[in-house]
Amino acid sequence: MSLLQLTGVRTNYGPIEALRGVDIHVNQGEIVTLIGANGAGKSTLLMTICGQPKPASGTILFDGKVINDLPPHETAKLGIAQVPEGRRIFPRMTVFENLQLGATLGNPAHFDEDAAYCLDLFPILAKRRDQRAGTLSGGEQQMLAISRALMSRPRLLLLDEPSLGLAPLIIRLIFEVIADLNKTRGMTILLVEQNAYHALKLAHRAYVLAQGQVVLEGGGAELLANPEVRAAYLEGGSH
Amino acid sequence: MAITIQHHLKGSIIGGLIAMVLAVPFIGLYTVSTDQGLVVQTRWSWVVWSGVMVLVGSLAVALLRDVLSARRAGRPNRAAGTKPKRDDALTAKLSKGFAIGITLFAITLPFMPFSDRYIMDVGTTVLIFVLLGMGLNVTVGLAGLLDLGFVAFYAIGAYSFAILSTTLGWGFWVCLPLSGLIAALFGALLSMPILRLRGDYLAIVTLGFGEITRIIILNWQSFTGGPAGISGIPRPSLFGLSFDRRPPEGLTSFHEVTGISFATEHRLMFLYLIALSLVLAAAWVIKRLRALPIGRAWEALREDEIACRSLGINPVASKVSAYAVGGMLGGFAGCFFAARQGFVSPESFTFMESALILAIVVLGGLGSQIGVVIAALFIVLLPEVGREFADFRMIVFGIAMIAIMVWRPGGLLSQRIPTIRLSSIKGEAA
Ligand SMILES: Nc1ncnc2c1ncn2[C@@H]1O[C@H](COP(=O)(O)OP(=O)(O)OP(=O)(O)O)[C@@H](O)[C@H]1O
Ligand SMILES: [Mg+2]
């Protein structure tokens, strides 16, 4: 059974139909990538999984449990951690305090170990430990956002465009960390990306979302080789 | 330069004209009581002068600002990244030093040779406002939830004690926690309808809550005494010892037991010390709370509600607790206020009080406890110092407030001091 299973999920913003019947699933230990044009509904999908906005119809199963009606802080308790689009770190707080907030749901006994793990994952954060998070560079803020999400030891990590606005070298680093998390920690990851080339290379499986519907699915390498995908998301792209 | 003067002159002339229009009712007309009753008289020259003053003043400010910004532009830019860290450490150190200094000063003040009734009285007022400021600071400063009706909790605390003591005969020390609790309850109650509100709407609803509370108190004659208020509220006692010359039944008096001759100063000192202990306790509790998950959640809520939710923080619980804790401190302050005055009436709980408390929090720099202390000192003492200016003291007060906000737009202490994680203090020190 899949860790996460969405069937016929529809989400509306008032009259706007952002998701029009989405079926996807994520198995334990997988990296699943979701690509799609701007406005396809990728962020909406991740947010719907978290519980805000709520789906108008369809079911979201997490670990066999229907989580359609749970608010974000409840889905977070079940072990779903989201790194939201645009990072959303706490700018006036220090790097370390951001990590503390990430550990809100975590076991306090694990805190020191997990903090050490994150600071080890991104050594630059260790140097910036007591600095205001708002003064970090964009790449460092993204690293912090990922670290913060890891602090609760989630079972499913949702990443919304982690490479947004980052330099190629930093993008490589971030993707390496994502692959590493999956390999060494067995972390299950649902990754939303514009950077289709990197994201598909990394993914076990992938979906293409267009106008609120899944239009293509398959293995990461398979989609990478797919001429339609190449034409729409890769040709002339930056990779 | 000529161009900039001309450029500013236009704005200044408009400002001066507006000031003259505004000055007509406020300054141009005044009342004189004669044998025939009140008579309205005019003083047009004052109106003209106020227009001229605003014109010259605003021109001076604009030019000064030009000069300052020109000078600032000449200075090399501060590199981001390395600087804030040192500033943080320095601010933290300075704040700590100041906190210790002012605490020692406040504790020793009553025993100083120069401290008289007046100083004790003003000192106690400052402390009440510090306590109120600390309460509102939890809601506005830490959790970022605007509250323009904070005076409601102050009033609820004061009336809780007034009613409990006059009807049931309960003493100050029993009623203090009760008043806080009742105010906290109302804080939680208020937070319910406004969970979804933000900004302007939040301001209006909380403003309404403050006014509704005052109007209910004003009109519920049978329960609150209406406009006449409630008198005969007992004073606090020290382990059953009263500070009154003739102690109420069942109490012995402090001066008889200790053999110190009776002096009203002792009562004032005692009140001052109670207020000081309340403030110190509140400061300590808030400091601890900030480093606990609940306090950290408040601060995170102010920064980014969406991120909070995705980290598993329940925003409803955080908001309710922020209003409740803030309201509780307001309730303590109210209870103490009632005990100190021995009398409460709705007049003490107007919007002006809410505005003053909010001014303390904003001037102090949202979220800063030391900032609250400094701002409360400023807000209470400045009108006192300015007594010689008589009618003009509110103007001086206003100018000083504007000056502070111009020079320190984030408040006196706008640097947020990071919290230290409680459970790992030991580990980190090692
Ligand atoms: N809060 C909202 N209110 C109304 N419409 C919204 C809201 N959020 C998103 N939408 C609409 O829903 C659609 C899907 O938006 P979504 O943010 O999910 O796109 P996306 O795939 O994440 O795009 P991008 O790659 O640009 O981030 C868009 O048409 C958007 O305009
Ligand atoms: Mg998006």
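The values are calculated or read from the model by the stated rules, or taken from the named source; none is laboratory data. Source: prediction; values computed, not measured. Counting neighbours? That spans all protein chains shown, and the Cβs are built from the backbone with ideal geometry, glycine included.
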Item checked: Of the criteria (1) within 16 Å of ligand 1 (Cβ to nearest atom); (2) modelled with pLDDT of 90 or more; (3) buried (at least 22 other Cβ atoms within 10 Å of the Cβ), which one residue A:98 fails -> (1)
Note to self: I'd like to check something: does region A:139-151 contain any residue that is surrounded by fewer than 18 Cβ atoms within 10 Å (Cβ to Cβ) and either within 22 Å of residue A:29 (Cβ to Cβ) or within 16 Å of ligand 1 (Cβ to nearest atom) (or both)?
What the structure shows: no
Item checked: Any chance residue A:131 is within 16 Å of ligand 1 (Cβ to nearest atom) and crowded, with 19+ Cβ neighbours inside 10 Å -> no
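Residues checked against (1) within 16 Å of residue B:150 (Cβ to Cβ); (2) crowded, with 20+ Cβ neighbours inside 10 Å; (3) out of contact with any helix residue (DSSP H, G or I) (no Cβ under 8 Å at 6 or more places or on another chain); (4) assigned by TED's automatic domain parsing to the domain that holds residue B:165:
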| residue | (1), (2), (3), (4) |
| --- | --- |
| B:178 | no, no, no, yes |
| B:182 | yes, yes, no, yes |
| B:202 | yes, no, yes, yes |
| B:206 | yes, yes, no, yes |
| B:220 | no, no, no, yes |
Notebook entry, point to check: Do any helices (runs of 4 or more DSSP H) lying entirely in region B:297-415 carry at least 2 residues that are away from chain A (no Cβ under 14 Å), and which ones are they?
Noted result: B:315-341, B:351-364, B:369-385, B:393-407
Notebook entry, point to check: Which members of region A:204-222 meet the condition of being in contact with a Leu (Cβ under 7 Å, 6 or more places away or on another chain) and in contact (Cβ under 8 Å) with a residue 60 or more places away in the chain?
Noted result: A:206, A:207, A:208, A:209, A:212, A:220
Notebook entry, point to check: For the subset of region A:136-171 comprising residues that are away from every other protein chain (no Cβ under 14 Å) and on the phi > 0 side of the Ramachandran plot, which member is farthest from ligand 2 (Cβ to nearest atom)?
Noted result: A:165
Check: Within region A:66-97, can you find the residues that are part of a loop (DSSP other than H, G, I, E, B), within 17 Å of residue A:159 (Cα to Cα) and facing chain B (nearest Cβ under 8 Å)?
Finding: A:84, A:88, A:89
Check: Can residue A:158 be described as buried (at least 23 other Cβ atoms within 10 Å of the Cβ), modelled with pLDDT of 95 or more and within 16 Å of ligand 1 (Cβ to nearest atom)?
Finding: yes
Next item on the list: Determine whether residue A:205 is basic (Lys, Arg) and touching a strand residue (DSSP E or B) at 6+ places or on another chain (Cβ under 9 Å).
Entry: yes
Notebook entry, point to check: If a residue has to be at pLDDT 90 or above and at the interface with chain B (Cβ under 9 Å from one of its Cβ atoms) to count, how many in region A:116-130 make the cut?
Noted result: 1
Notebook entry, point to check: Does residue B:186 count as out of contact with any Lys or Arg (no Cβ under 7 Å at 6 or more places or on another chain), among the aromatic types (Phe, Trp, Tyr) and within 17 Å of residue B:323 (Cβ to Cβ)?
Noted result: yes
Next item on the list: For region A:12-34, enumerate the residues that are among the polar types (S, T, N, Q) and either in contact with a helix residue (DSSP H, G or I) (Cβ under 7 Å, 6 or more places away or on another chain) or near ligand 1 (Cβ under 6 Å from one of its atoms) (or both).
Entry: A:33
Next item on the list: Count, please, the residues in region A:35-65 that happen to be buried (at least 21 other Cβ atoms within 10 Å of the Cβ), in a loop (DSSP other than H, G, I, E, B) and near ligand 1 (Cβ under 10 Å from one of its atoms).
Entry: 2
Next item on the list: Among the numbered conditions (1) on the phi < 0 side of the Ramachandran plot; (2) out of contact with any strand residue (DSSP E or B) (no Cβ under 9 Å at 6 or more places or on another chain), tell me where residue A:229 comes up short.
Entry: (2)
Note to self: Being farther than 23 Å from residue A:220 by Cα, in contact with a strand residue (DSSP E or B) (Cβ under 8 Å, 6 or more places away or on another chain) and either within 13 Å of ligand 2 (Cβ to nearest atom) or free of Cβ contacts under 8 Å to residues at least 60 places away in the same chain (or both) is the filter here; which residues of region A:12-46 pass it?
What the structure shows: A:12, A:18
